[in-house]
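The next block holds one structure in the form of structure tokens; read it before the comments.
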Amino acid sequence: MNRRPVALIGAPTDVGTHVDGARLGPAALRVAGLTARLSRHVTVCDCGDVSVRPATTAPEQVEGAHNLAEVVAWNRAVHEACHAALEAGRMPMLLGGDHCLAVGSISAAARHCRAHGKRLKVLWLDAHADFNTPDTSPSGNMHGMPAAILCGRGPAVLVEMGGHSPALPANALTQLGVRSVDPGERDALRAQDIDVIDMRPLDELGMKGEMRRLLADVDANTHIHVSFDVDFLDPSFAPAVGTAEAGGPNQREAHLCMEMLADCEQVGSVDVVELNPALD
């Protein structure tokens, strides 16, 4: 079994959303005993929280992209911390913070995979597609844009993070559990042929059937990045999120998803984002 040491990396920010509280997520996960739980199975190094210095030069402002300078700064810090962990042979586990941070963590995984000849496969567990751009976003909140940015759509300063644009080809991204998609996102997802698995196939085929399909092409040269937004879960038992959507996977379905990912032994990096303990 894959027993790479885990590097916990906190990013206490809610700069990408309009709801305060996700910045408390890393501390809440630590207080809840995450390190002790993981240490039963793997070596864990808590790398603490990334810090962000005020930018000496702010990126060009983009209408419809709120707090762009701060989003860029946090993602650069996350990128460097996650990339350093990967190069040291560790599995970075990003503790967010809101989902805009996935630009930094996944571009780091993509950079690592390009350098080592690995195939990257991203599993995006989320109630939302997060495929808006500043032009299509109803809110301008950047936690609704990271998947699009990683696929080459959005502010250049983020699209080019990690030295390659786009960080992800469309066929490297699979979205699971989606049940809230804006009109502009829907058109873009169809145009790029993103693999989006909403709740209907999960209801019809079950989590087991869909996960078997998703993992069928995984081999020893595959690096899986799991980007887990807590609102993937049904809010009836996981209410601590700023943008809850009813009708998500239940506790047992989500646990089976994680068990099957663990069994495949190719998960190389993880995000846990959008936990808002103020709403729990």
Task: Over the chain: Kirkwood hydrodynamic radius from C-alpha pairwise inverse distances, Å - done: 18.5 Å
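So, by mean Cβ neighbours within 10 angstrom, what's the order for 106-113, 43-50 with the highest one leading? Please report the intermediate quantities before stating the final value.
Numbers: 106-113: 26.4, 43-50: 16.6.
Going from most to least packed, we get 106-113, 43-50.
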Task: Rg and Dmax [Cα atoms of the stretch 145-256; Å; Rg one decimal, Dmax integer] - done: 15.1, 41
- [ ] Report the convex hull volume per residue for the stretch 1-125, counting only C-alpha atoms, in Å³.
- [x] 134 Å³
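What percentage of all Cα-Cα pairs in the stretch 58-207 are separated by more than 23 Å? Spell out each step's value before the answer.
Working: 3753 of 11175 pairs.
That tail contains 34 percent of the Cα-Cα pairs.
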Open item on the list: Using each residue's phi in the stretch 151-158, evaluate 6.51 cos²θ - 1.76 cosθ + 1.60 at θ = phi - 60° and report the 3J(HN,Hα) Karplus result to the nearest Hz, with x for Gly and Pro.
Closed with: 8, x, 10, x, x, 4, 4, 8
Open item on the list: Within the chain, what whole-number % of the accessible surface is contributed by carbon and sulfur, with the 1.4 Å probe and all protein chains included in the calculation?
Closed with: 50 percent
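When the chain is fully extended, how far beyond the present Cα-Cα distance does residue 190 get from residue 212, taking 0.36 nm per residue of separation? Present the calculation step by step, with values, prior to reporting the outcome.
Details: separation 22, 0.36 × 22 = 7.92 nm, distance 2.33 nm.
Length gained, residue 190 through residue 212: 5.6 nm.
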Open item on the list: Along the charge dipole of the stretch 132-275, pointing to its positive end and built from +1/-1 on Cβ of Lys, Arg, Asp and Glu, which listed residue (215, 141, 189) has its Cα farthest out?
Closed with: 189
TODO: Compute the relative contact order of the chain as a whole-number percentage, counting only Cα pairs closer than 8 Å that sit 6 or more residues apart in sequence.
DONE: 22 percent
TODO: Give the Debye-formula value of log10 I(q)/I(0) at each listed q (0.11, 0.22 Å⁻¹), with one equal scatterer per alpha carbon of the stretch 113-198, two decimals each.
DONE: -0.28, -1.07
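What's the magnitude of the charge dipole for the chain around its Cα centre, counting Lys and Arg as +1 and Asp and Glu as -1 at the beta-carbon? Answer in Debye, nearest 20.
Details: 23 positive and 36 negative charges, 214 e Å.
In total the dipole reaches around 1020 debye.
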Open item on the list: Let's test this: bin the Cα-Cα distances of the stretch 197-280 at 10 Å from zero up to the farthest pair and state each bin's percent.
Closed with: 16, 46, 31, 7, 0
Task: Accessible surface, per residue, of the stretch 173-280 when the full set of protein chains is kept, probe 1.4 Å, Å² - done: 45 Å²
Open item on the list: Please compute the per residue accessible area over the stretch 10-123 with all protein chains in place, 1.4 Å probe, rounded to a whole number of Å².
Closed with: 47 Å²
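The values are calculated or read from the model by the stated rules, or taken from the named source; none is laboratory data. Quick caveat: nothing in here was measured; it's all calculated off a predicted structure. As a convention, Cβ positions derive from the backbone with ideal geometry for all residues, glycine included, and neighbour counts pool all protein chains shown. Accessible surface is based on the protein model in full, side chains and every heavy atom, while ligands, DNA and RNA are left aside. Shrake-Rupley method; radii C 1.70, N 1.55, O 1.52, S 1.80 Å.
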